[in-house]
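Every read-out reported here was derived from the displayed coordinates using simple, explicitly stated rules and does not represent laboratory data. Owing to the predicted nature of the structure, the values given are computational and were not obtained by experimental measurement. Note that each Cβ is placed from the backbone with ideal geometry, even for glycine, and that neighbours are counted across all protein chains shown.
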């Protein structure tokens, strides 16, 4: 490649509560392990946007920052739509995902309008979901941790997968897939723990710009650790190991 | 003598609990007394002539409380405090039972209590503290306190009970905002670090939000420099050197918090030289930069309790430290917990251990840290780690979560903190 792969971490402080922003570092590292130069670009306002964007990570934030985060994201609505249309992989976690939807209904009846890029909306749940979550998906069985107080309605037609254990969107499915955009409640190091999903996003990013992707040798050691960590959760939950 | 029956019953229960489990069972008598005499705890705590001082916040409570107690005692005050971190109401009641007369009174001039923000918010409604000291708002204990706003709201509830002074960390945006919303019943005392100290911590001090401007001389006590275990504080324009129980800016900030709180509690009697002398004489706190000799080898223990303290501890390790063991246990339920931390400066970790060994190793390798070995069995890991020849740089360093700390101490036959026997 003539230029490094450019991975944008959007609002890493405002939307990075559970270390979600670390997923950008995971993608960059996997790219490097495959021999591809990669750089994480932290974007706090539209002025920080780089010329080239190959992948985007948006994490989860605090409810008190919803409007502030939305207002900043709204200045980049056109870019987000353009990337989504152009097939740039975008990983959205928790409130980062909710903010790109039609809107977020809060417990007190008020609504935070979303950017309207993704179908569906977030609605309050009777109780917070804080637990391990296990999802079957086309990228393998995903295991992560969820901690949210809203379900997601309107993604039933194209979820990321089906919930084996946990809450997810509610009603049995988890996440949302729209083209190259993936929304999920699996917070924190979802890509490190689930390299199948990470490699799907990375491959999408590289193929788009005419490159092949073959996971590097370094990845396999990390992926063995991830598998052991996933199996540990599976055993605890009484699920078969991989 | 209103509480005499409850106190007597509590003591009998304590005897029974200790008989059943030597050295343990301290929360049970409190549970019993709180059930039959719910007024005992607040009434006793509110009855000290010098009032009640509450230390709360996300991080640094234990160290700050210890330092504050030392500073007050150096001024000749008789202090009641919760020695262990049994900072829930049962534990507190049990601790009070140890010392209360049958009339429910405790000999002492002043009470200093460390309170967990969650439990503190629950019981503070019945308390009338004279001074409330707030350390900081960090994303802490992710499973329980989801976000900073929730933590700040709990702290605001405790601060609103203060009758004299609310002591706040002026570098913490949440606390500054909280202080601005107080109704003016109590005075506000501020403390903060200088621009130089902040600049020396490029990743900040770990607060959920840091204020954009630094405190001016004259607005409160300042931390003006930190070098290893030595720091300088500025009180009313005069600089004083102070010794810390371990390396790291966070310990210096704890000392500053303790000094500000001591001044609020003592008023005109506050003597900076006495207070600083007492704080400088404090031995290292268990598990937080504590240096112990085990099997003939010096080992540094570093306890990480939340992402912020993990980051600060990683940043304050001696550069090039070449023998590191990291053990993360079952107390860290959600592995996301530590991902905000950049561990790359560790360079190489000899062994990743604890029940979350795979998860912490995964994070380390993504940060380009070489992990020699993953060994979930902490006992085995410790034996191997200690058997390694002396390190070339730095001390043998064990970084652990609270659960792994307990297991480490048990495995090595080291005395434990009081609360860990319970």
How long are the three semi-axes of the equivalent ellipsoid for the protein assembly as shown, computed from the Cα gyration tensor as the root of 5 times each eigenvalue, in whole Å, largest first?
-> 44, 28, 26
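Given all pairs of different Cα atoms, what value in angstroms does the Kirkwood hydrodynamic radius of region B:90-239 take? Spell out each step's value before the answer.
Numbers: mean 1/r = 0.0584 Å⁻¹.
For region B:90-239, the Kirkwood estimate is 17.1 Å.
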Once both label points are put 7 Å beyond Cα along the C-beta direction, the residue A:157-residue A:211 separation in nm becomes 3.4 nm
Averaged over B:148-160, number of beta-carbon atoms from partner chains that fall within 10 Å = 1
Working from the alpha-carbon coordinates of region A:61-176, get Rg over Rh, Rh being the Kirkwood radius.
-> 0.96
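Calculate the all-directions average of the projected area of region A:5-236's alpha-carbon convex hull, and give it in nm². Write down the numbers at each step before the final one.
Numbers: hull surface 45.9 nm².
Averaged projected hull area, Cα only: 11.5 nm².
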Can you pull the mean other chain C-beta count within 10 Å for peptide B:365-373?
-> 4
Taking the highest mean first, how do the peptides A:12-21, B:342-351 order by number of other beta carbon atoms within 10 angstrom per residue?
-> A:12-21, B:342-351
In nm², the average projected area of the convex hull spanned by the Cα atoms of region A:145-220 is 6.0 nm²
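Relative contact order (percent) for region B:288-421, with alpha-carbon contacts under 8 angstrom and 6 or more residues of separation?
On the way: 249 pairs, mean separation 42.0, N = 134.
Normalised by residue count, the contact order of region B:288-421 is 31 percent.
Taking the Cβ of each residue in B:396, B:61 as the centre, tally the other Cβ atoms inside 10 Å and list the residues starting with the fewest.
Details: B:396 22, B:61 26.
The order, fewest Cβ neighbours first, is B:396, B:61.
When Cβ neighbours within 10 Å are restricted to other protein chains, what is their mean count per residue of peptide A:57-69?
Values: counts 0, 0, 1, 2, 1, 8, 4, 7, 4, 0, 0, 0, 0.
Mean inter-chain Cβ contacts per residue within 10 Å come to 2.
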Mind giving me the FRET efficiency for residue A:224 and residue B:410? R0 is 25 Å, r the Cβ-Cβ distance, nearest 0.05 is fine.
-> 0.25
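Taking only the C-alpha atoms, wrap a convex hull around region B:315-368 and report its volume per residue in Å³ as a whole number.
Each residue corresponds to 76 Å³ of Cα convex hull volume.
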Residue list for region B:227-254, given a label point 7 angstrom along the Cα-to-Cβ vector of residue B:273 and an amide N cut-off under 19 Å | B:232-243
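Please report the relative contact order for region B:339-380, taking Cα pairs under 8 Å with a sequence separation of at least 6, and give it as a percent rounded to a whole number. Kindly include the intermediate steps, with their values, before the conclusion.
Numbers: 60 pairs, mean separation 20.1, N = 42.
Worked out over region B:339-380, it gives 48 percent.
Counting other beta carbons within 10 Å of each Cβ, put B:138, A:76 in order, fewest first.
Details: B:138 24, A:76 21.
With the fewest neighbours first, B:138, A:76 line up as A:76, B:138.
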Model label zone, residue B:187; criterion: amide N under 16 Å from point 7 Å along Cα-to-beta-carbon; scope region B:253-279 | B:259-272
Say each of residue A:138 and residue B:238 gets a label point 7 Å from the Cα, pointing the same way as Cα to Cβ; how far apart are those two points in nm?
-> 7.4 nm
For region A:96-157, evaluate the Debye formula with one uniform point scatterer on each Cα (no solvent term) and list log10 I(q)/I(0) at q = 0.19, 0.20 Å⁻¹, rounded to two decimals.
-> -0.80, -0.87
Relative contact order for region A:138-242: what is it in percent, counting Cα pairs under 8 Å that are at least 6 residues apart?
-> 23 percent
For region B:288-421, what is Rg from Cα atoms divided by 2.2 N^0.38 Å, rounded to two decimals?
-> 0.95
Using label points projected 7 Å from each Cα along Cα→Cβ, tell me how many nm separate residue B:322 and residue B:149, to one decimal.
-> 5.0 nm
Sorted by average packing, counted as other Cβ atoms within 10 angstrom per residue and highest first, what order do B:290-297, B:105-112, B:355-362, A:48-55 take?
-> B:355-362, B:105-112, A:48-55, B:290-297
Principal axis box of region A:1-80, alpha-carbon based, largest edge first, Å | 41, 26, 14
R0 of 35 Å, Cβ-Cβ distance residue A:48-residue B:345: FRET efficiency to nearest 0.05 = 0.90
Which FRET efficiency, nearest 0.05, do residue B:107 and residue A:74 yield, Cβ-Cβ r, R0 60 Å?
-> 0.45
